Every structure is written in C-alpha cells, then in structure tokens.
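Following: one structure in structure tokens, then a few remarks.
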Amino acid sequence: MKDFPHLDHIAIAVNSLEEKKQIYEDLGFNVSEHIEEVPSQMVKTCFANIEGRARIELLEPTSDESSIAKFIKSKGEGIHHLCFRVDDIEAKQKELAEKGYKFIYPGPTQGADNCLVNFIHPKSAGGVLIEISQKVKK
Ligand code: CO
C-alpha cells in the first residue's frame, strides 16, 4: 500500500476527560468508555468518533511534569496537536528529517491506541505540533 497520509485525529488538551467529553457527545460523537493511560507521556486519553468522518483525542495530564500539564498551564485548554496516519513511520520520519524537520523523539515511540508515534517539533512546522502515527498490526 502506498504511504499516503490522512488526518487521523485532532488532539485536545483538557483538565478533565470526564468533564470535557460531554462537549463531543453533544456534537454527536461516540465517546469511547475506554480510557487509556500512556505512562511515557504522563497522560490519560480517550477517543471520540463520528465513524469514518472525524476523530478527536482528549488528553488529560496525570502528572504536573507531563507536557500536557505544561501546555495547559501556559496556554490553557485547547487544540494540542494534529495527527496524520502513515503506513511506515520510520520511512516517513527519515524522509522528513532529510528535509530538515526536527522531531521530538529520536525514533518512533509507543502511543495510545496501539500506535507507534513521533512528533514534529512545532518550531519546524509553522507553530503546529504534528504527530505522525503508524497503526501496529496485532
Ligand atoms: Co495524538
């Protein structure tokens, strides 16, 4: 299959998943009951879906040291990153790094929802934190 990125989700930093998921339920999203902790990122996350049309990731910090906690402290709750799905994250990172994009992690790391992820630094992406993500086949 050709490596053809598509928008996988938009992530929102929130103080409380329990409180803010209501907004997406009111908009007609199906909010997953499944809350996943991602210890490496010090967050817990849940996904809100409108099947095949839109996907939102809600991110709540589990520690004051979490980058999400720092984000909320400096900017308040709101849009945190965009995520594009790729077929081969190592190849995509290599291709982008050769073009001069800087990544947060040296290589792909375990993300939520059974994915390998990395983030392009906002300083090299016009002020937007961009996640690239590859679904890991079970
Ligand atoms: Co994400």
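The values are calculated or read from the model by the stated rules, or taken from the named source; none is laboratory data. Keep in mind it's a predicted model, so treat the numbers as computed, not measured. FYI the Cβ positions are ideal-geometry reconstructions off the backbone, even for glycines, and counts take in every protein chain you see. All accessible areas refer to the heavy atoms of the entire protein, side chains included, with ligands and DNA or RNA removed. Shrake-Rupley method; radii C 1.70, N 1.55, O 1.52, S 1.80 Å.
Can you give the longest stretch of the chain with no exposed loop site, where a site means GluC sites (Glu not before Pro) in a DSSP loop (not H, G, I, E or B) with at most 10 other C-beta atoms within 10 Å?
On the way: sites that count: Glu33, Glu51, Glu65.
After excluding every exposed loop site, the longest remaining stretch is 66-138.
For the chain, return all DSSP H helices satisfying: extent of Cα atoms along own axis at least 15 Å; mean Kyte-Doolittle hydropathy at least 0.0. Each step should come with its number before you reach the end.
Details: long enough: none.
Sorted by number, there is nothing, because no helix extends far enough and scores high enough.
Quick one: ranking Lys137, Lys99 by accessible area, 1.4 Å probe, largest first, what do you get? Provide the component values of the computation, followed by the final result.
Working: Lys137 180, Lys99 140 Å².
Sorted descending by solvent-accessible area, the residues read Lys137, Lys99.
Take Ile35 and Asp88, extend 7 Å from each Cα along the Cα→Cβ direction, and tell me the distance between the two endpoints in nm.
Result: 3.9 nm between the two label points.
Which entries of Lys70/Lys99; Lys21/Lys73; Lys21/Lys123; Lys75/Lys137; Lys20/Lys92 have Cα-Cα distances beyond 27 Å here?
Values: Lys70/Lys99 29 Å; Lys21/Lys73 20 Å; Lys21/Lys123 30 Å; Lys75/Lys137 36 Å; Lys20/Lys92 33 Å.
Over 27 Å apart, Cα to Cα: Lys70/Lys99; Lys21/Lys123; Lys75/Lys137; Lys20/Lys92.
Apply the Debye scattering formula to segment 1-115, with a single equal point scatterer on each alpha-carbon and no solvent, then give log10 I(q)/I(0) at q = 0.10, 0.19, 0.21, 0.24 Å⁻¹.
-0.33, -1.10, -1.26, -1.42
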